[in-house]
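Worksheet for the structure shown next.
The values are calculated or read from the model by the stated rules, or taken from the named source; none is laboratory data. From a predicted model like this one, the values you see are computed outputs, not experimental measurements. Here the Cβ positions follow ideal geometry from the backbone for every residue, glycine too, while neighbour counts run over all protein chains shown.
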Amino acid sequence: MEQSGASLFERDLARLIVQTLKLKTDPAVIEPEAALFGEGLGLDSIDALELSLAISQTYGYQLKSSDPQIKTIFSSLRALAAAIEKNRTK
Amino acid sequence: MRETPLIGPYDVDDVLAWDQEGPRTVRRFLADAASLAESLPDRSTALNLATNRYEFLVGFAAAIMRRQVTLLPQSRASETLLRIAGEFPGSYALTDRGDAIEGIDSVSIQPRGDQALWPMDIPRIPPDRVVAVAFTSGSTGRPVPNKKTWGALTAVAQATGARLGIKAGDRLSVVATVPHQHMFGLEASVMLPIMHGLAMHAGRPLFPADIRAVLADAAGRWMLVTTPLHLRACVSESISIPPGGLILSATAPLPRNLAQQAEEHFQAEVHEIFGFAEAGSIAERRTVDGDRWQPLKGVQVAQNASSCLVQAWYLPTPVPVPDRITVDTDGTFVVHGREADQVNVAGHRISLGDLNQLLLKIDGVQDGVFFLPDEGAGLVTRLMAFVVAPGKTSEEIQRKLRAYVDPVFIPRPLVCVPSLPRNATGKLPRESVSELARQWLEREGDGA
């Protein structure tokens, strides 16, 4: 099943992730609720760093890992999208 | 040889470590280490997996007090840990709270925060005692052990501090983005502070905003122990931090223009360390001053016809340098690049031949080869791999690999192909692989 109800913004963010990290995955098949790190997309801390720069440049939101919510924010495409929409400055 | 104390010039109420949970004084550290030492099992080797730098140090010190050797796994890949535990039978794992490792007995480092009864003896350690083992990636996924004596660790810490102009009582606050299980991390973010009476941050900030917050919070002058990767991220985000600090980078060469930008933007000196797990840190340079590396005090680098060797009083035998270098008559040297088979991804070094061997061990993989493309625009250039494995998906093979190697070496992409362009003798020339990669990138590479 594709897209499984991803919002427009979630799909934009999926494209940014795939482009930034040069993944082979088709952005449209990233499940909004699936894990981004470890299992799932299998991303690591360098990806997190690269992604944080792209998110900061694109949406003006600087991620912080000391944020108590960081594990939740990075848990899935949906959670990351929600955090960006809440904190974005551009 | 004379025994030397576990920690350097501190007063008992000096801050040895700090984080958002507050300061840990020397008094508290000694109590935490002594109390953990009492509860450790009677074994000879401990895998220290603590992610918190203070708790790592408590575990390291407790192991030393019990004359146990600390094993420093390069990665937390389950297979790696089990192999190391297999090579050192009877090993147990020291972990952060609530962290259990499957198949290995685990002891949780739980600093109790009792205050030591003063006066308390600071343990003294003979320089020839092996206190730690660092691992390098070997063929067939077998980690190769490199023994570290107390003398080697303290000598490198003293020589690095002397080169950077750090004096006892400087009270620098040391913040590190590198893991302390990595040789450079152990030397620069744990041994350097405790040998000079400095305060260390217990965490490991990752994002530029985290680094900014921790440095802004640091008491007095700060020192940032980091990598070109994190430094590039901080420069690209233009974070603002108090001026006058000291930046120490290692694990990969720092481009001079990046060092220049960092010096200007952060009003901080940027120094680099050259080293490798087998010998530890061996040389230093201030990147903006030029290419030449100055060996640390006590280190000689000698050029033979075929290789370069590092000698120091604390190294039992001369150690070959894994890079191609040219040594000048004054002992300084220039690094030209890696030996042909070696690659460095985000500060982790491995041989491509060894990676290829690992690939072939995976069920269903008939043939396969790793390749490191030329540097691209991102922070890190990832390996790619071409694999012949009918009926398997690239995700399956990547998942299998994950158990054997650090995540930074997982090829991205891992491309399944019907066959590899081997020549008549069965060899796979580098040019053919490079051509395969070029064709693939042209076809699928950009934003496909």
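Report, by residue number, each residue of segment B:401-417 that is of a type in the set (A, V, I, L, M, F, W, C) and either farther than 25 Å from B:R443 by Cα or outside the structural domain of B:P390 (by TED's automatic domain parsing) (or both).
B:L401, B:A403, B:V405
Among what's in segment A:48-63 and is at the interface with another protein chain (Cβ under 8 Å from one of its Cβ atoms) and outside any loop (DSSP other than H, G, I, E, B), pick the residue that is surrounded by the most Cβ atoms within 10 Å (Cβ to Cβ).
Of everything passing the filter in segment A:48-63, A:S52 is surrounded by the most Cβ atoms within 10 Å (Cβ to Cβ).
Which count do you get for residues in segment B:231-270 that are in contact (Cβ under 8 Å) with a residue 60 or more places away in the chain and either in a loop (DSSP other than H, G, I, E, B) or surrounded by fewer than 23 Cβ atoms within 10 Å (Cβ to Cβ) (or both)?
The qualifying residues number 6.
Which residues, counting only those in segment B:232-255, are away from chain A (no Cβ under 14 Å) and within 21 Å of B:F276 (Cα to Cα)?
Residues satisfying the conditions are B:I247, B:L248, B:S249, B:A250, B:P253, B:L254, B:P255.
I'd like to check something: does segment B:185-206 contain any residue that is in contact with a His (Cβ under 9 Å, 6 or more places away or on another chain) and without any contact (Cβ under 8 Å) to a residue 60 or more places away in the chain?
Checked segment B:185-206: at least one residue is in contact with a His (Cβ under 9 Å, 6 or more places away or on another chain) and without any contact (Cβ under 8 Å) to a residue 60 or more places away in the chain.
Please go through segment A:49-90 and give me each residue that is polar (S, T, N, Q) and farther than 26 Å from B:V380 by Cα, ordered by number.
A:Q69, A:N87, A:T89
Of all residues being more than 30 Å from B:G353 (Cα to Cα) and touching a Lys or Arg at 6+ places or on another chain (Cβ under 9 Å) in segment B:120-148, which is surrounded by the fewest Cβ atoms within 10 Å (Cβ to Cβ)? Just the residue, please.
For segment B:120-148, the residue satisfying everything is B:R124.
Could you please tell me which pairs satisfy a Cβ distance under 9 Å, a separation of 6+ or placement on different chains, a first residue in segment A:8-37 that is within 9 Å of another protein chain (Cβ to nearest Cβ), and a second residue that is modelled with pLDDT of 90 or more and part of a strand (DSSP E or B)?
Here the result reads A:K24/B:L414; A:K24/B:V415, each pair linking segment A:8-37 to a residue that is modelled with pLDDT of 90 or more and part of a strand (DSSP E or B).
Condition first: away from chain A (no Cβ under 12 Å) and farther than 19 Å from B:R76 by Cβ. Now tell me which residues in segment B:398-426 satisfy that.
B:V417, B:P418, B:S419, B:L420, B:P421, B:R422, B:N423, B:A424, B:T425, B:G426 - these are the residues of segment B:398-426 that are away from chain A (no Cβ under 12 Å) and farther than 19 Å from B:R76 by Cβ.
The conditions are (1) away from chain A (no Cβ under 14 Å); (2) surrounded by fewer than 18 Cβ atoms within 10 Å (Cβ to Cβ); (3) of a type outside the set (A, V, I, L, M), and B:P322 fails exactly one of them. Which is it?
(2)
Just to be sure, is B:F29 within 19 Å of B:K148 (Cα to Cα) and in the same structural domain as B:R124 (by TED's automatic domain parsing)?
Judged against the criteria, B:F29 is not a match.
Quick check on my filter: what residues within segment B:51-67 are crowded, with 23+ Cβ neighbours inside 10 Å and either free of Cβ contacts under 8 Å to residues at least 24 places away in the same chain or within 15 Å of B:S106 (Cβ to Cβ) (or both)?
Within segment B:51-67, B:E55, B:F56, B:G59, B:A62, B:A63 meet the criteria.
Can you tell me which condition B:E264 does not meet? The list is (1) under 22 Å from A:L53 (Cα atoms); (2) touching a helix residue (DSSP H, G or I) at 6+ places or on another chain (Cβ under 6 Å); (3) not basic (K, R), and all the others hold.
Among (1) under 22 Å from A:L53 (Cα atoms); (2) touching a helix residue (DSSP H, G or I) at 6+ places or on another chain (Cβ under 6 Å); (3) not basic (K, R), the lone unmet condition for B:E264 is (2).
Quick one: how many residues across segment B:241-257 are touching a Pro at 6+ places or on another chain (Cβ under 9 Å) and of a type in the set (S, T, N, Q)?
2
When you check B:R382 against the structure, is it within 8 Å of another protein chain (Cβ to nearest Cβ), closer than 20 Å to B:S351 by Cβ, touching a residue at least 24 places away in the same chain (Cβ under 8 Å) and in contact with a Pro (Cβ under 9 Å, 6 or more places away or on another chain), yes or no?
Against the criterion (within 8 Å of another protein chain (Cβ to nearest Cβ), closer than 20 Å to B:S351 by Cβ, touching a residue at least 24 places away in the same chain (Cβ under 8 Å) and in contact with a Pro (Cβ under 9 Å, 6 or more places away or on another chain)), B:R382 qualifies.
Within segment B:271-310, take every residue that is without any contact (Cβ under 8 Å) to a residue 24 or more places away in the chain and assigned to a loop (DSSP other than H, G, I, E, B) and give me the one that is surrounded by the fewest Cβ atoms within 10 Å (Cβ to Cβ).
B:A305
Given the conditions (1) surrounded by 18 or more Cβ atoms within 10 Å (Cβ to Cβ); (2) touching a Ser or Thr at 6+ places or on another chain (Cβ under 9 Å); (3) free of Cβ contacts under 8 Å to residues at least 40 places away in the same chain, and given that B:F333 satisfies all but one, which numbered condition is not satisfied?
Tallying (1) surrounded by 18 or more Cβ atoms within 10 Å (Cβ to Cβ); (2) touching a Ser or Thr at 6+ places or on another chain (Cβ under 9 Å); (3) free of Cβ contacts under 8 Å to residues at least 40 places away in the same chain, B:F333 fails exactly one: (3).
Pairs please, first residue from segment A:64-90 and within 23 Å of B:D19 (Cα to Cα), second anywhere and β-branched (V, I, T), Cβ atoms under 9 Å, 6+ apart in sequence or on different chains.
Within 9 Å, the pairs are A:K64/A:I70; A:S66/B:V214; A:D67/A:I73; A:I73/A:I84.
Does B:I194 fit the bill of being more than 12 Å from every other protein chain (Cβ to nearest Cβ) and assigned to a loop (DSSP other than H, G, I, E, B)?
no
On the basis of being assigned by TED's automatic domain parsing to the domain that holds B:I64, without any contact (Cβ under 8 Å) to a residue 24 or more places away in the chain and more than 15 Å from the chain's Cα centre (by Cα), does B:D121 make the cut?
The answer is yes for B:D121.
Rundown of residues vs (1) modelled with pLDDT under 90; (2) of a type outside the set (K, R); (3) farther than 30 Å from B:Q439 by Cα, yes/no style:
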| residue | (1), (2), (3) |
| --- | --- |
| B:S307 | yes, yes, yes |
| B:P322 | yes, yes, yes |
| B:H336 | yes, yes, no |
| B:A346 | yes, yes, no |
| B:G353 | yes, yes, no |
| B:F370 | no, yes, no |
| B:M384 | no, yes, no |
| B:K392 | no, no, no |
| B:K400 | yes, no, no |
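Pick out the one residue from B:A134, B:A62 that is in the same structural domain as B:S189 (by TED's automatic domain parsing), over 21 Å from B:G347 (Cβ atoms) and not acidic (D, E).
B:A62
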